[in-house]
Amino acid sequence: MQRFAEKVALVTAAAQGIGAAVARRIVAEGGAVVVTDLQQDKLDELVAELGSDQALAVKLDVTSREEIDAAVGAAVERFGRLDVLVNNAGACIINSRPEDTLPEDWHRQLDLTLVSAAQCIQSALPHLLESRGNVVTISSVNGLAAFGNTEYSAAKAGQVAMTQNFAARFGSRGVRFNVVAPGTIRTPNWDNQPGALERLGKLYPLRRVGEPEDIAAAVAYLASDDAAWVTGLTLPIEGGVLLGAAALNLGVTD
Ligand SMILES: NC(=O)c1ccc[n+]([C@@H]2O[C@H](COP(=O)([O-])OP(=O)(O)OC[C@H]3O[C@@H](n4cnc5c(N)ncnc54)[C@H](O)[C@@H]3O)[C@@H](O)[C@H]2O)c1
């Protein structure tokens, strides 16, 4: 499939994990990609792998609007257009109990995960209106059900509401906005919790955690013309964990 031939995508937090898998998938399907992250070395390695004709690395802290505008500008300068924004940056950065979390920590969590995505959309929008492009934001099952991590979950739920409202507002002008909500995915995010992925995988109806490629496939669908009539959607890619009782092993199993 060459669904991204002649198309240009910008992916945030693309040095590793889900973002890197999305970048690989877009290039594999014929697109050009601007990979952005804090980790310049890893971005450079990824561009070397993908080929500098099809990939450009730009160092970007998504909490800086100035850096976002510079990255979007670099993408358009290099490839002449922008068709897809993948808002992948975000992380759970709060350790306190929710009953104790300080306002400044709430702000840090929302800035990294929700406000950053809004800022990327604002910056990319003029180019997406021109290309009749689209945005895919990586939320989480934490935004859809109560799995813990209150502040992170609120930010992830906020991404869903934000996406629905942008979708309603810009549909008539040809720009689509969608969300992928992953369950647990095997990425470096889990490196400091040995054994966690194996333990969690057993709780999933499909009896494994997800791989970054599982998410990249869903992003590629939503970002491509295959989803030309899809906007405002949140697509959970989660091995069945939202089935609830089954996820807790209370469901009927053989
Ligand atoms: N891994 C999971 O189990 C999982 C599950 C659901 C949702 N998600 C979501 O998927 C997205 C990607 O997660 P992952 O596990 O692939 O990530 P990861 O932990 O493997 O990588 C995160 C990347 O974000 C970059 N980063 C951190 N702060 C940044 C900033 N301020 N600006 C730009 N880049 C920054 C890091 O350098 C790193 O390369 C996140 O939004 C995460 O919340 C992940």
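The values are calculated or read from the model by the stated rules, or taken from the named source; none is laboratory data. These numbers come from a predicted model, not from an experiment. Because the Cβ atoms are built from the backbone with ideal geometry, glycine has one as well, and the counts that use them run over all protein chains shown. Accessible surface is based on the protein model in full, side chains and every heavy atom, while ligands, DNA and RNA are left aside. Shrake-Rupley method; radii C 1.70, N 1.55, O 1.52, S 1.80 Å.
Give region 204-218 a look and list any residue that's open to solvent by less than 90 Å² (accessible area, probe 1.4 Å) and assigned to a helix (DSSP H, G or I), or say none. Matches in region 204-218: PRO212, ASP214, ILE215, ALA216, ALA217, ALA218. Scanning region 1-57 for residues that are charged (D, E, K, R) and under 16 Å from the mean Cα position of the chain (by Cα) returns ARG24, ARG25, ASP37.
The listed residues are PHE166, PHE177, PHE170, and the only one of them that is touching a residue at least 24 places away in the same chain (Cβ under 8 Å) and not in a helix (DSSP H, G or I) turns out to be PHE177. The conditions are (1) open to solvent by 30 Å² or more (accessible area, probe 1.4 Å); (2) at negative phi, and GLY201 fails exactly one of them. Which is it? GLY201 satisfies all of (1) open to solvent by 30 Å² or more (accessible area, probe 1.4 Å); (2) at negative phi except (1). Looking at this structure, is GLN193 outside any strand (DSSP E or B), within 14 Å of the ligand (Cβ to nearest atom), surrounded by fewer than 20 Cβ atoms within 10 Å (Cβ to Cβ) and over 14 Å from the mean Cα position of the chain (by Cα)? Yes; evaluated as a whole, the condition is true for this residue.
I need the full set of residues from region 16-33 which are open to solvent by less than 10 Å² (accessible area, probe 1.4 Å) and within 13 Å of the ligand (Cβ to nearest atom), in order please. Matches in region 16-33: GLY19, ALA20, ALA21, VAL22, ALA23. Listed by position, the strands (runs of 3 or more DSSP E) inside region 15-127 whose residues that are at pLDDT 95 or above and touching a Phe, Trp or Tyr at 6+ places or on another chain (Cβ under 7 Å) number at least 1 are 32-37. Taking the criterion of being of a type outside the set (Asp, Glu), surrounded by fewer than 19 Cβ atoms within 10 Å (Cβ to Cβ) and without any contact (Cβ under 8 Å) to a residue 12 or more places away in the chain, would at least one residue in region 128-140 satisfy it? Looking for residues that are of a type outside the set (Asp, Glu), surrounded by fewer than 19 Cβ atoms within 10 Å (Cβ to Cβ) and without any contact (Cβ under 8 Å) to a residue 12 or more places away in the chain, one finds none in region 128-140, hence no.
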